[in-house]
Amino acid sequence: MSDLSHVLAGIAKNNFIIVGRVGIDFTPPAGVAIEDAETCMIAMGGSSANIGAGICKFGGKASLVTCVSDDAIGRYCINQLKAYGVGS
């Protein structure tokens, strides 16, 4: 078994609890400064949230201990975590 496959197998058979933040990343089109952007791509942000999403993509189970606001931003974050399979 290669080193990478050993790591992936370890991720897939474990459950992880992550403490950190989830947020939103706003990304303008390539080559456009954010202050000049008329459109932006929106995606889940926060290194902890993205680590959880990565663990789930590799077959592991992950839950994120975090706080979100009680508004559309918070609901977006919770929905994205659920879509990636990250528990909260």
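Scan region 57-71 for residues that are surrounded by 12 or more Cβ atoms within 10 Å (Cβ to Cβ) and in a loop (DSSP other than H, G, I, E, B) and report the count.
5
This table checks each residue for (1) modelled with pLDDT under 95; (2) small (Gly, Ala, Ser).
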{"site": "VAL7", "(1), (2)": "yes, no"}
{"site": "ASN14", "(1), (2)": "yes, no"}
{"site": "PRO28", "(1), (2)": "no, no"}
{"site": "ALA43", "(1), (2)": "no, yes"}
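Quick one: in region 1-55, which of the residues that are of a type in the set (S, T, N, Q) and in contact (Cβ under 8 Å) with a residue 40 or more places away in the chain is most open to solvent (accessible area, probe 1.4 Å)?
My answer is ASN15.
Taking region 20-56 as the region of interest, how many residues are of a type in the set (Val, Ile, Thr) and assigned to a strand (DSSP E or B)?
Step one: filter region 20-56 for residues of a type in the set (Val, Ile, Thr), giving 22, 24, 27, 32, 34, 39, 42, 51, 55.
When the remaining residues are screened for being assigned to a strand (DSSP E or B), the result is 24, 27, 42.
Going through region 20-56 one residue at a time, the tally reaches 3.
The values are calculated or read from the model by the stated rules, or taken from the named source; none is laboratory data. Quick caveat: nothing in here was measured; it's all calculated off a predicted structure. Neighbour counts run over all protein chains shown; Cβ positions are idealised from the backbone, glycine included. In case anyone asks, the SASA skips ligands and DNA or RNA and just uses the protein heavy atoms, side chains included. Shrake-Rupley method; radii C 1.70, N 1.55, O 1.52, S 1.80 Å.
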